[in-house]
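The values are calculated or read from the model by the stated rules, or taken from the named source; none is laboratory data. All values derive from a computational prediction rather than experimental measurement. Please note: Cβ atoms are built from the backbone with ideal geometry, for glycine as well, and neighbour counts cover all protein chains shown. For accessibility, only protein heavy atoms count, side chains too; no ligands or nucleic acids. Shrake-Rupley method; radii C 1.70, N 1.55, O 1.52, S 1.80 Å.
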Amino acid sequence: MRNRTLAIIGNPNSGKTTLFNRLTGSNQHVGNWPGVTVDRKTGHVCHDGVPVDLVDLPGIYSLSPYTQEEIIAREYVLSDECDGILNIVDAANIERNLYLTLQLIALGLPMVIALGFMDDVRGQGIRIDCEELSKRLGVPVVPISAKKGENMHELLDALAGKMKPPARQPAYLHGVGAAIRRAAELLAPLPLRKCSLPFYAAKLLEGDQKMWARLDIPASTGRELSSIADAMHSHSNSTDNEMVLADALYDYIEDLVRSCYQRPREKKLTVTERIDRVVLHRFWALPIFAFFMFLMFWCTFGPFGSFLGDCMEYLIQGLLAPAVRGGLAAVGAQGWVTGLVCDGVIGGVGGVLSFLPQIVILFFFLSVLEDTGYLARVAFIMDTLLRRIGLSGKSFVPMLMGFGCTTPAVMAARTMENEKDRRMTIMLTPFMSCGAKLPVYALVAGALFREHQGLVVVSLYVLGILVGILAGFILKKTVFRGVSSGFVLELPTYRMPSFKGTVLNMWQKAKDFITKAGTIIFLMSVVIWLLQNFTPALTVAASSADSILGVVGTWIAPVFAPLGFSGWEQSVALLTGLVAKEAVVSTMSVLYGAGDSAALSALIGTVFTPLSGYAFLVFTLLYMPCMSAFATIRREMGGWRWAFGAAAFQTGLAYVIALAVFQVGSLFV
C-alpha cells in the first residue's frame with residue numbers, strides 16, 4: 001500500500017515553498033516533470049505514525065492552462081497519483097488566492113487549506129474568522145505562520161488524519177450552478193473521476209480547448225455541452241464564458257470575504273508601503289539596486305569569497321591530489337593512469353569545484369533578494385528601461401533568472417502572452433551572465449586583475465546587460481517590429497527570508513553544481529585529456545601541439561587572433577564551453593597541465609595580457625550558450641532556424657564586441 005500523496009498548491013509568493021521546507025526539512029528530492037525542465041520537488045513527512053508524501057507544485061494563479069506551470073499543476077491534480085490537496089492561501093491577499101481555492105474545491109478531492117502569513121495579518125490589524133471560512137468553504141482551514149512554525153502540529157494533524165472531500169461546491173452553485181450540474185450529468189457516463197465532474201464541466205463550458213482535446217467526448221454529448229454553454233453565455237453580459245465563470249467565482253469570494261474578513265477602520269501605512277516609498281523612489285530606485293548588486297559581488301569575489309575558494313582549492317589540490325597520486329604510485333599504476341586521474345579528472349573537476357564557495361555566496365544573495373520580495377520590485381523598476389527596446393518589465397523576470405541558469409530562464413518566458421516579446425526575450429536572455437561562467441571570470445580576473453577582481457566581474461555583468469539593451473534595439477528595428485505588450489506585476493509583501501529555506505536553497509544550488517561537475521565536467525575532463533595525449537593517428541602525442549586537440553585548435557586559432565588570443569588552447573577551451581561553460585576552466589587546466597589553480601593562474605598570466613584576457617572574458621560572456629540552453633531555445637522558439645539564428649546572432653555580436661574591446665584598447669595601451 002503506497003503512502004498518501006498530497007499536492008501542495010498555491011499562488012506565487014504565497015509561502016508555499018517555505019511551508020514545504022518547514023514540513024519536510026532536508027527529507028526532500030528535486031527532479032523534473034516529464035518532458036520539461038521545471039523542478040519537481042517531493043518530500044516526505046511522518047506524523048503520528050502516518051507517512052505522507054508531499055509534492056510541491058509550481059506557483060499558479062488558476063487551473064487554466066495558459067502557462068507551463070499551470071499545465072503541470074492541473075495535470076497532476078487530475079492524475080490518480082494525487083490523493084488530496086494542501087492549498088496554501090496568503091491571508092494578506094485572500095481575495096486573489098481564493099480564486100484558485102474555489103477551482104480546487106471543484107475537483108472534489110480531500111483538501112486542507114493552510115491560511116498562511118497570519119503573523120503579518122495580525123500585525124496589520126486584520127481579523128479572520130477561520131471557523132466561518134471553513135464552514136462556508138466546506139474544508140478545514142488551519143491558520144499558520146510557516147516562517148515561525150505556528151500551528152504546524154495542527155496542520156500535520158489535519159494532513160495525517162482522515163481527510164474528507166469538500167462538503168459542498170459553493171462557487172459553482174452561485175449563478176451558474178444549474179448549467180454546471182447539467183453538464184456534469186452529461187459527463188457522468190465517461191471514465192472520469194466522479195468527484196471531479198463539476199471541475200471538468202466548468203472547464204468545458206468556459207471553452208477550455210486543452211480540456212476538450214484531453215477528453216474523448218462523444219459527438220452527441222459535445223453538441224449538448226455546446227448548447228448549454230451558448231445558453232449560459234446568452235444570459236450574461238460578459239464577453240465569453242470564461243468571464244462568466246470568473247465573475248461567478250469573484251461574486252462568491254466578495255460575499256465570503258465580507259462575512260469572514262475584517263480590516264481595521266483606520267488605514268495605516270504598512271511596513272511594505274514605507275519601504276517601497278524608498279526603494280521605488282523615482283531617483284533612488286536605481287542607485288539602491290546598484291548598491292545591492294555591488295554588495296553581492298564584493299562579498300562573492302572579495303576577501304571572504306577568495307579565502308573560501310583558497311580553502312576549497314587546498315582541500316582538492318593540496319590534500320586530495322597528492323594522496324591519490326601517492327596511492328596510485330604505491331599500487332604500481334602506469335604513468336598514463338596517474339596522469340588521467342590526477343591531471344585529467346582531479347585537475348579538471350577540481351579546477352571547477354574550487355569556485356564552489358563563490359557560487360554558493362552568489363546564490364545566497366539571490367535567494368535572500370527573492371525571498372524578501374525585492375526582486376519583484378526590480379522588475380517594476382526596469383520596466384521603463386525595457387520599454388525603450390520594445391519589451392516590458394515581464395521580460396526582466398526571465399532575464400534575471402538568466403543570471404542563475406539560461407535554461408530555466410528561457411523556459412520562464414513561456415509566461416509571456418505576447419509572442420513577439422517572448423521570442424525577443426529568449427534571444428536576449430543568454431546575454432545575461434549565467435552562474436556557470438563564474439569560474440571562468442574568477443580564474444582569469446583573479447590571475448590578471450588580482451587587486452580589482454570584483455570590479456572586473458561586476459563590469460562583465462553590467463556589460464552583459466548593456467549588450468542585451470543594444471541587441472534589443474537591433475532586434476526591435478529588424479526582426480521584431482511592433483508595440484510591446486502591457487505589464488501587470490504583483491508586488492509581494494516584504495518578508496524576512498527563512499533561514500532554513502535559504503540554507504536549503506543554497507544546498508540545492510551547490511548540489512546541482514557538484515552533480516554537474518561530477519558528470520559533464522568529469523566526462524569532458526577525461527575526453528579532453530585523451531584528445532590532448534593522442535594524435536589523429538591514435539598514437540601517443542609527443543607534445544600537446546601534435547595531439548588531436550592541438551590540430552583542431554591550430555585550425556581555428558587564427559579566427560580569434562584579432563581578439564588578442566591566438567593560442568590553440570584558448571580556442572579549444574571556448575569550443576568545450578559549448579557543452580558547459582564551466583568546462584572552459586577544466587579544459588585549460590588539463591591543456592596547460594596545471595596541478596592546481598595557483599599554477600593555472602600563473603600560466604594564465606603568461607598567455608594573456610590584461611587586455612587580451614578581458615577580451616577573452618567578453619567573448620565568453622556573450623557567445624552562444626551551452627548545449628542544454630541551445631536545445632531549450634530550439635524547443636521554445638519552435639524550430640532549428642530560430643535556434644541557429646539566435647546562436648549566430650549572439651556569437652557574431654560577441655566577436656564584434658570582443659574585437660572592439662581589444663582593438664580599441666590597444667590604441668591606449
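Counting only residues that are under 25 Å from the mean Cα position of the chain (by Cα) and open to solvent by 50 Å² or more (accessible area, probe 1.4 Å), which one in region 634-647 is farthest from TYR441 (Cα to Cα)?
Applying the first criterion (under 25 Å from the mean Cα position of the chain (by Cα)) to region 634-647 yields 634-640, 642-647.
Now drop any that are not open to solvent by 50 Å² or more (accessible area, probe 1.4 Å), which leaves 634-635, 638, 640, 642, 644.
Working: ARG634: 27, ARG635: 29, GLY638: 33, TRP640: 30, TRP642: 29, PHE644: 26 Å.
The extreme case among them is GLY638.
Which numbered condition in (1) touching a residue at least 12 places away in the same chain (Cβ under 8 Å); (2) closer than 19 Å to ARG423 by Cβ; (3) not charged (D, E, K, R) is the only one that GLY638 fails?
Against the list (1) touching a residue at least 12 places away in the same chain (Cβ under 8 Å); (2) closer than 19 Å to ARG423 by Cβ; (3) not charged (D, E, K, R), GLY638 comes up short only on (1).
Return yes or no: is ASP129 surrounded by fewer than 18 Cβ atoms within 10 Å (Cβ to Cβ), farther than 25 Å from ASN97 by Cβ, touching a residue at least 24 places away in the same chain (Cβ under 8 Å) and more than 32 Å from the chain's Cα centre (by Cα)?
Numbers: surrounded by fewer than 18 Cβ atoms within 10 Å (Cβ to Cβ): yes; farther than 25 Å from ASN97 by Cβ: no; touching a residue at least 24 places away in the same chain (Cβ under 8 Å): yes; more than 32 Å from the chain's Cα centre (by Cα): yes.
So ASP129 fails the test.
Yes or no: region 620-633 includes at least one residue that is assigned to a loop (DSSP other than H, G, I, E, B), under 21 Å from LEU443 (Cα atoms) and among the polar types (S, T, N, Q). Steps first, answer last, please.
In the first step, residues of region 620-633 are kept if they are assigned to a loop (DSSP other than H, G, I, E, B); the result is 623-626.
From what's left, under 21 Å from LEU443 (Cα atoms): 623-626.
Checking which are among the polar types (S, T, N, Q) leaves us with none.
So far as region 620-633 goes, no, none of its residues is assigned to a loop (DSSP other than H, G, I, E, B), under 21 Å from LEU443 (Cα atoms) and among the polar types (S, T, N, Q).
Regarding region 221-239, can at least one residue be identified that is of a type in the set (A, V, I, L, M) and open to solvent by 80 Å² or more (accessible area, probe 1.4 Å)? Outline the logic, then answer.
Filtering region 221-239 down to residues of a type in the set (A, V, I, L, M) leaves 225, 228-229, 231-232.
Within this subset, residues satisfying the condition of being open to solvent by 80 Å² or more (accessible area, probe 1.4 Å) are none.
Within region 221-239 (the criterion being of a type in the set (A, V, I, L, M) and open to solvent by 80 Å² or more (accessible area, probe 1.4 Å)), the answer is no, since none of the residues qualifies.
Which one of GLU81, GLU95 is in a helix (DSSP H, G or I) and open to solvent by 10 Å² or more (accessible area, probe 1.4 Å)? Explain how you work it out, then say what you get.
Details: GLU81 fails: in a helix (DSSP H, G or I).
Result of the check over GLU81, GLU95: GLU95.
Can you find a residue that is in contact with a helix residue (DSSP H, G or I) (Cβ under 9 Å, 6 or more places away or on another chain), more than 21 Å from PHE473 (Cβ to Cβ), open to solvent by 40 Å² or more (accessible area, probe 1.4 Å) and free of Cβ contacts under 8 Å to residues at least 12 places away in the same chain anywhere in region 651-663?
no
Among the residues of region 297-312, are any over 28 Å from LEU443 (Cα atoms) and open to solvent by 40 Å² or more (accessible area, probe 1.4 Å)? Can you show your working first?
Initial filter on region 297-312 (over 28 Å from LEU443 (Cα atoms)): none.
For region 297-312, residues over 28 Å from LEU443 (Cα atoms) and open to solvent by 40 Å² or more (accessible area, probe 1.4 Å): absent.
May I ask you to list the residues in region 470-480 that are closer than 20 Å to MET399 by Cα and either modelled with pLDDT under 80 or crowded, with 17+ Cβ neighbours inside 10 Å (or both)? Walk me through it before giving the result.
Initial filter on region 470-480 (closer than 20 Å to MET399 by Cα): 470-476, 479-480.
Those that are closer than 20 Å to MET399 by Cα and either modelled with pLDDT under 80 or crowded, with 17+ Cβ neighbours inside 10 Å (or both): ALA471, GLY472, LEU475, LYS476, VAL479, PHE480.
Of the residues SER601, SER547, which single one is within 21 Å of LYS437 (Cα to Cα) and of a type in the set (Ser, Thr, Tyr)? Reasoning before the result, please.
On the way: SER547 fails: within 21 Å of LYS437 (Cα to Cα).
Answer to the selection: SER601.
Restricting attention to region 439-453, and to residues there that are over 16 Å from SER612 (Cα atoms) and surrounded by fewer than 23 Cβ atoms within 10 Å (Cβ to Cβ), which single residue is modelled with the lowest pLDDT?
Ranking the candidates gives GLU451 first.
Please specify each residue of region 1-43 satisfying the condition of being at pLDDT 70 or above and hydroxyl-bearing (Ser, Thr, Tyr).
Residues of region 1-43 at pLDDT 70 or above: 2-25, 40-43.
If the condition is that a residue be at pLDDT 70 or above and hydroxyl-bearing (Ser, Thr, Tyr), then THR5, SER14, THR17, THR18, THR24, THR42 are the ones that fit.
Which of the residues belonging to region 557-598 are at pLDDT 75 or above and of a type in the set (Val, Ile, Thr)?
VAL559, VAL572, THR576, VAL584, VAL585, THR587 - these are the residues of region 557-598 that are at pLDDT 75 or above and of a type in the set (Val, Ile, Thr).
If you check LEU386, LEU391, which single one turns out to be at pLDDT below 75, at negative phi and not in a helix (DSSP H, G or I)?
Values: LEU386 fails: not in a helix (DSSP H, G or I).
None of the other options fit; the residue is LEU391.
Please verify whether region 134-144 includes one or more residues that are of a type outside the set (Lys, Arg), under 26 Å from GLU206 (Cβ atoms) and either touching a helix residue (DSSP H, G or I) at 6+ places or on another chain (Cβ under 6 Å) or surrounded by 20 or more Cβ atoms within 10 Å (Cβ to Cβ) (or both). Steps first, answer last, please.
Our first condition is that a residue be of a type outside the set (Lys, Arg); within region 134-144, this holds for 134, 137-144.
Of the ones still in play, those that are also under 26 Å from GLU206 (Cβ atoms) are 137-139.
Now drop any that are not either touching a helix residue (DSSP H, G or I) at 6+ places or on another chain (Cβ under 6 Å) or surrounded by 20 or more Cβ atoms within 10 Å (Cβ to Cβ) (or both), which leaves 137, 139.
Yes, the conditions are met somewhere in region 134-144.
What pairs come out if I take residues in region 491-515 that are closer than 27 Å to ASP383 by Cβ and of a type outside the set (A, V, I, L, M) and pair them with residues that are at pLDDT 75 or above and in a loop (DSSP other than H, G, I, E, B) whose C-beta lies under 6 Å away, six or more apart or interchain?
Every condition considered, the pairs that remain are PRO492/ASN13; PRO492/GLY373; TYR494/GLY373.
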